[in-house]
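Notes to accompany the following structure.
Every read-out reported here was derived from the displayed coordinates using simple, explicitly stated rules and does not represent laboratory data. The structure presented is a predicted model; accordingly, all values stated were derived computationally and were not measured. Here Cβ is always computed from backbone atoms with ideal geometry, including for glycine, and neighbour counts include all displayed protein chains.
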Amino acid sequence: MPPDDATDGGSDADRLAPDEAFAVLGDETRMGILRALGDLDTPVPFSELYARSDADDSGGFNYHLDRMVGHFVERVDGGYRLAPAGRRVAEAVRSGAVTEQPELPMTEVEEPCPYCGAATRVRWRDGSVEQFCTGCAGRYGRRYRESGMPIEEVEGYLGRNPLPPAGVRGRSPTETLRAAWTWGELEILSLSAGVCPRCSGAVEWEPVVCEDHESDGGPCPTCGGRYTVGVRVACTNCILVAGGEPVVALAARTDLLALLAANGHNPIAPDDVHAVEQVHGAYEETVHAADPLRATYTFDLGGESVALTVDESLDVVETAWDEGAAQ
């Protein structure tokens, strides 16, 4: 059953086109209404809502409130409260994602590199926490590209995890990294389960095979990755596109989760970042065929191992535990 405050979203006639929705929100008084209602747990009458605003004209305030009702605000017994769409906007504003640019320059943190154990550094940039190793080539070496951005060269690039500005507030650089790792791991688990973490739409996976792969234990000079096979995932509904190594597609597999849990590691607990990263970042790859793809990924931890064989759709077609491992 849906929660008591759930709605069916209304009819098509009640819905706003995107340009109309942003036009409704494009006023300081209306954004103030969203912020005020976001501070409250229960519906509030008009008089109290007006008192909480900076408006100096009740008639004008009522006009702006009426424009919000039915889409971002609900009129219920006891007054007004945020509608689901209003809650999403209020949450986005509170996260700072559309208004803030926190400062976290390149800073050394307590989390070691999962490959060589050396110290790592982090920085917050463009909505993500990026991590770099000070002692080795990292996961991707020196070259990496963001969507629509030119190639940047920074030594020891280990990867990035999304984190809204609110995640930086009141946290040390090490705490910020762990918060970003947890946030990113939740997104990866959602993607691995086939659900877009941004809009809940279905996602599609695609393997990307480096035909001239040369790793030698480090990033390949051709593809920049440590493994022959990379992955690309795209949402079928929104603009989310992401990529990485095959573990991104396998993270939600029960067998891999069981290996971590059997050794006392919660895959999203901040204290387990290094231990889980060692499993997720340093596994054995065996490519049996490139086209169509068939590859096996073996993950080791605590004297146990689990091998997951995938096909061209990155679906697991075979699972093998080592002797004595609990299934």
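Based on Cβ point charges of +1 for Lys and Arg and -1 for Asp and Glu, what charge dipole magnitude is obtained for the range 165-257 about its Cα centre, in debye rounded to the nearest 20? Before the final figure, lay out the partial values.
On the way: 7 positive and 11 negative charges, 118 e Å.
Approximately 560 debye in magnitude.
To the nearest 500 deg cm²/dmol, what mean residue ellipticity at 222 nm is calculated for the chain from DSSP H runs of n ≥ 4 alone, each contributing -39,500 (n - 2.57), summed and divided by the residues? All intermediate terms of the calculation are to be shown ahead of the outcome.
Working: 9 runs with 91 residues, N = 327.
Rounded to the nearest 500, the figure is -8000 deg cm²/dmol.
Could you pull the Cα extents of the range 152-283 along its three principal axes, largest to smallest, in whole Å?
Principal extents (largest minus smallest coordinate, Cα): 45, 37, 34 Å.
Amide H of S128: which non-local residues (sequence gap of 5 or more, or other chain) have their own amide H closer than 5 Å, using H built in the peptide plane?
Hits under the 5 Å cutoff: L163.
Above 18 Å lies some portion of the pair distances; for the range 12-95, what is it as a whole percent of all C-alpha pairs? Display every interim value, and only then the final one.
Numbers: 1224 of 3486 pairs.
Roughly 35 percent, rounded to a whole number.
Counting only C-alpha contacts under 8 Å and six or more residues apart, can you give the relative contact order of the range 12-95 as a whole percent?
Values: 79 pairs, mean separation 27.7, N = 84.
So the answer I get is 33 percent.
Which stretch or stretches of the range 43-79 have amide N atoms under 20 Å from the point lying 7 Å from E28's Cα along the Cα→Cβ direction?
Backbone N within reach: 49-68.
Of the peptides 57-67, 179-189, how do they stack up when ordered by the mean number of other Cβ atoms within 10 Å, highest first? Don't skip to the end; give the middle numbers.
On the way: 57-67: 13.9, 179-189: 20.4.
Taking the mean over residues of other Cβ atoms within 10 Å, the ranking is 179-189, 57-67.
At 7 Å along Cα-to-Cβ for each site, give me the label-to-label distance between V316 and N266 in nm.
The modelled label-to-label distance comes out at 2.2 nm.
Which residue, chosen from V44, F61, T29, occupies the Cα position most advanced towards the positive end of the dipole of the range 12-95, where the dipole is computed from +1 (Lys, Arg) and -1 (Asp, Glu) charges on Cβ about the Cα centre?
Checking the options against the dipole of the range 12-95, the answer is V44.
Would you work out if the range 213-253 is rounded, prolate or oblate? Take a ≥ b ≥ c from the square roots of the eigenvalues of the alpha-carbon gyration tensor; rounded if a/c is under 1.5, else prolate when a/b is larger than b/c, oblate otherwise.
Values: a/c = 4.16, a/b = 1.91, b/c = 2.18.
Oblate, because a/c is 1.5 or more while a/b does not exceed b/c.
Please report, in debye to the nearest 20, how large the charge dipole of the chain is about its Cα centre when each Lys and Arg carries +1 at its beta carbon and each Asp and Glu carries -1 there. Before the final figure, lay out each step's value.
On the way: 26 positive and 55 negative charges, 144 e Å.
That gives a dipole near 700 debye.
Beyond 36 Å, how much of the Cα-Cα pair distribution for the chain remains, as a whole percent?
33
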